[in-house]
Amino acid sequence: MGVSLLSSPEFLRLFLLSLITLCLIPQHVFASITRHYKFDIKQQNVTRLCHTKSIVTVNGQFPGPQIVAREGDRVLIKVVNHVQNNISIHWHGIRQLRSGWADGPAYVTQCPIQSGNSYVYNFTITGQRGTLFWHAHISWLRSTVYGPLIILPKRGVPYPFAKPYKEVPIIFGEWWNADPEAVISQALQTGGGPNVSDAYTFNGLPGPLYNCSAKDAFKLKVRSGKTYLLRLINAALNDELFFSIANHTLKVVEADAIYVKPFDTDTVLIAPGQTTNVLLKTKPHFPSATFFMTARPYVTGLGTFDNSTVAGILEYESTSKALHTTLPMKKLPLFKPILPALNDTSFATKFSNKLRSLANAQFPANVPQKVDRHFFFTIGLGTNPCSSNNQTCQGPNGTMFAASVNNVSFAMPTTALLQAHFSGQSNGVYSPDFPSSPIIPFNYTGTPPNDTMVGNGTKLMVLPYNTSVELVMQDTSILGAESHPLHLHGFNFFVVGQGFGNFDRNKDPANFNLVDPVERNTVGVPSGGWVAIRFVADNPGVWFMHCHLEIHTSWGLKMAWLVLDGKLPNQRLFLFSFITLCLIPQHALAGITRHYKFEIKLQNVTRLCHTKSIITVNGQFPGPRIIAREGDQLLIKVVNHVQNNISIHW
Ligand SMILES: [Cu+2]
């Protein structure tokens, strides 16, 4: 029977027809799927530079697993915390349209996930495609908890460049022989600068330029005459990095998951929090050589830093088998790239000026042309008084290092800001009075003022829905001018202008690029200069903005925008059912969860010789007593066994 069916031309015709029909289903039917991931946060022993230590990882992997989705997909990631540290994960660069609950910065959009607990991040990727990454967003845990987040274009939609032969993510990180949590904890206690990392890494591997690391090298094996798409991600904690491959030119095609006008460069500069896609065209023929790819920092500040170099190896597959026997790979000449000087600000400026939006019909640059609100923020370092009475702190002149925006060093709340706002309980958590410009103006890039003390507070800048914003960020020379990569959550912004010295409101805006400025989520405020960005506040929620040099964030170089709901239903933050869970005060870590069960049922009760059936809880009259301690979580399951509808008020 089966045989006759299979051999039947009619069946074949029908079968082919059904296949064809399948292919004719409009592509959008396949367009959006939900992708599920599970992140188990757990300790894992990892060895680098001959140091073995137990680090916090996702699923035991270092770097963590790659998330791949398509534009339009919904992504659900269940994060289960099996370690002692509190944790939260940020999906860096994801717009999180109306889904601010899933953004991840601890105490901003959520309380951190406590040991033994879990949290489900739920968001839809709208209007974005390209390379992003995810990382822990609490303390310095992102030093080991990070991984690529790759958004492919919708099915059937090509890149605006020739399809590469292969795509390879290269995520830059830092390796610490010490525990980075101890490093930052000590720095914040003494008030001094933190110890620096021991190595930089490509995909977790420091490479052969470090002691005891020859085998831990990232190798990129390529074929000649092909084009590779390298997805470069800087997940390092404290360092902007130059990257180059010896004897090869790179074509930059995307930054922060937005296509840019392609341009060629020998070296890429990439700040922590930034991503850059480059095309690597391999040599047309086997070059009889291997090539180093290296990265080392771009540094403008005065503090100590890790000045080492990570190296990976670009290795060509030999087409001839004979070559292997006559000339083993090891014996091939090795070329090393020449990177710019560690403080080459001139290169940094030229490189950032080359980045331009595509600004075409398919990928327009929707730069806000009119501005509702102008803001001017100073960005820089400062000091706090020494907090310990008996000893001197190790910051400048016995003080403690601090950092601030408009001289406000941001104090982290103990309740998540978004929940405080959403539940109308912002009193005592934050104040909505972040200054729109410095309270006391000064010569920002000139001789620094004698008083370097910062103010401290949890202040938010409130924006009505759809406000068109222009923000000028001005570096200060207090304790040394320094390049600061500022990252804004919840939005992309256009970089409309930048310059050195003090921003001139009367002169500089005339030179703004409102046609094809680069659009991104992290931008370097030039050392001793300023940068102007524009964005539309079309995403309700609380959005963190901070320096992505982790030590500066730890010192307070952070603030948050509160974007209010719009009038229409689709201009509001999604409701979130776990809100109560996060309102547990964080100091009540000793608090326990108490479970009660209330069975609503009828019970015969007699008073004054009258017996009647009354509604009770658990048959008791009056009902049972609830006892708890301050800080406890109460879970009361109410089951209604009577005819009446019921609800209980506490
Ligand atoms: Cu900074």
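Each value in this text was obtained by applying a stated rule to the coordinates, not by laboratory testing. Remember, it's a predicted structure, so these values are computed and weren't measured experimentally. FYI the Cβ positions are ideal-geometry reconstructions off the backbone, even for glycines, and counts take in every protein chain you see.
At-a-glance table
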read-out: Mean separation of Cα contacts under 8 Å, 6 or more apart, over the residue count of the stretch 89-235: relative contact order %; value: 22
read-out: The chain: proportion of alpha-carbon pairs further apart than 35 angstrom, %; value: 47
read-out: FRET efficiency, 1/(1 + (r/R0)^6) with R0 45 Å, evaluated for Asn45 and Asn466 via beta carbons; value: 0.35
read-out: Surrounding net charge for Ile258, when Lys and Arg each add one and Asp and Glu each subtract one, Cβ distance under 14 Å; value: +1
read-out: FRET efficiency estimate (nearest 0.05) - Cβ-Cβ, Leu568 to Trp650, R0 56 angstrom; value: 0.95
read-out: Aspartates and glutamates with Cα under 20 Å of Lys331, excluding same-chain neighbours fewer than 8 positions away; value: Asp216, Glu315, Glu317
read-out: Charged-residue dipole, Cβ positions (Lys, Arg, Asp, Glu), the stretch 591-640 about Cα centre, Debye nearest 20; value: 140
read-out: For the chain: relative contact order, % (alpha-carbon pairs under 8 angstrom, 6 or more apart); value: 12
read-out: Under-5 Å amide H pairs with Tyr37, H placed in peptide plane, nonlocal only; value: Leu76, Ile77, Lys78
read-out: Residues whose placed amide H lies under 5 Å from that of Thr383, excluding near-sequence neighbours; value: Ala402, Met453, Val454
read-out: Cβ crowding within 10 Å averaged over residues, with 184-191, 83-90, 400-407 ranked highest first; value: 400-407, 83-90, 184-191
read-out: Nearest-20 debye value, the chain charge dipole, Cβ charges on Lys, Arg, Asp, Glu; value: 2000
read-out: Student exercise, the stretch 373-580 dipole from Lys, Arg, Asp, Glu Cβ charges, in Debye to nearest 20; value: 340
read-out: Shape parameters for the stretch 460-578, alpha-carbon atoms, Rg then Dmax in Å; value: 15.6, 50
read-out: Neighbour-count order for Cys111, Cys547, fewest beta carbons within 10 angstrom listed first; value: Cys111, Cys547
read-out: Label-point gap, in nm, between Arg35 and His285 - each point 7 angstrom along Cα→Cβ; value: 4.1
read-out: Taking Val454, Val496 and counting other C-beta atoms within 10 Å, the order from fewest to most; value: Val496, Val454
read-out: Residue-by-residue Karplus 3J(HN,Hα) for the stretch 58-73, coefficients 6.51, -1.76, 1.60, Hz, glycine and proline x; value: 9, 6, x, 9, 9, x, x, x, 8, 9, 10, 8, 10, 3, x, 6
read-out: Amide H contacts under 5 Å for Glu167, placed H, 5+ residues apart; value: Leu229
read-out: Net length gained if the chain between Gln84 and Val638 were fully extended (0.36 nm per residue, minus Cα distance); value: 196.1 nm
read-out: The chain - share of DSSP beta bridges that are antiparallel (%, nearest 5); value: 70
read-out: For the stretch 605-650: rounded, prolate or oblate by the Cα gyration tensor [a/c cutoff 1.5]; value: oblate
read-out: Cβ-based charge dipole, the chain, positive-most Cα from Thr414, Trp555, Gly455; value: Thr414
read-out: Label zone at Arg74 (point 7 Å along Cα-to-Cβ), backbone N below 20 Å, the stretch 108-145; value: 119-129
read-out: Two-site FRET efficiency, Ile626 against Val157, from Cβ-Cβ distance with R₀ of 51 Å, rounded to 0.05; value: 0.35
read-out: The stretch 147-291, Cα convex hull volume normalised per residue, Å³; value: 137
read-out: Burial ranking of peptide ranges 340-351, 285-296 (average Cβ count within 10 Å, highest at the top); value: 285-296, 340-351
read-out: Flagged links, alpha-carbon separation over 23 Å, of Lys166/Lys219; Lys350/Lys507; Lys251/Lys354; Lys251/Lys370; Lys370/Lys567; value: Lys251/Lys370
read-out: Computed lengthening from Asn506 to Thr126, 0.36 nm per intervening residue step minus Cα-Cα distance; value: 133.1 nm
read-out: Length gained when the stretch Asn177-His374 is fully extended (0.36 nm per residue, less Cα-Cα span); value: 66.4 nm
read-out: MRE, 222 nm, helices only [DSSP H, n ≥ 4, -39500 (n - 2.57), over the chain, to nearest 500]; value: -2500 deg cm²/dmol
